[in-house]
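Undergrad: Could you have a look at this structure, given as structure tokens, before my questions?
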Amino acid sequence: MSERSREAAEAPRDVLAMWERTRDLGKRLDGVNERLDVLEGQNLADAVAELSLTVKKLAEKPDSPKFAVWNWSAFTPQQQAQAWELLLDWTMGTFRVRYPRSFTEMLGYGKGAVSCWHLHPDMVESLTGLMAAWNWAFLDPESGPLRVAEWLGRWLPDAVRQGQFILANCKLEPNGVDSYGRPDPYKGHRDPMENKRTDPPEDLLRHVHMLKTGEVSA
């Protein structure tokens, strides 16, 4: 067989091999297309964008440190002044206006026009917590009906009970005077333990010491 005849006979083999490779490549492309269809159905672009936004928020440095809760005992005088302004604005502008009966019962105005609620640190803490819970329920963009219902049905009634308990022993005299004849509407304010630090009982201190030294077991 001549060289030319041999080449003519081998040519179909090369075409067949190319066709086989082309068919195999086509199958692979079909598989890739199927995978792309699956990925597109999962909205990966949206998921990646959302993840990127979340990571960006986590990486952002806050402009200034923010308190998760108000700690009145740790506030500087300037911070206390600002906190009082915010608390009074909410108490008189929101609490008193929208929930007048709860305001009256909690802060003791049902007994008269004068109340000593601001002289009780535990009352201030309770009112602060109530305000924070209200903000969480009504102002947080992520809030919903359940938060509002919880504030109305749980936090508000509980705060009213706390306030009534705190003021139970106080009997104010709006027209009262002190020993010098000066007006003293808070003369009936009663809480001898308030704002005063006392030492723990001696027997408890001894017990704590014995726990530390191993003389008694926990």
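Undergrad: Expressed in nm to one decimal, what extension gain is obtained for the pair Ala168 and Leu146 from 0.36 nm per residue of sequence separation less their Cα-Cα distance?
TA: 4.7 nm
Undergrad: Between Gln78 and Leu139, what length comes free when the chain is fully extended (0.36 nm per residue of separation minus the Cα-Cα distance, one decimal in nm)?
TA: 19.4 nm
Every number in this text was worked out from the coordinates using simple rules, so none of it is lab data. Here the structure is a predicted model, which is why all the values come from computation and not from measurement.
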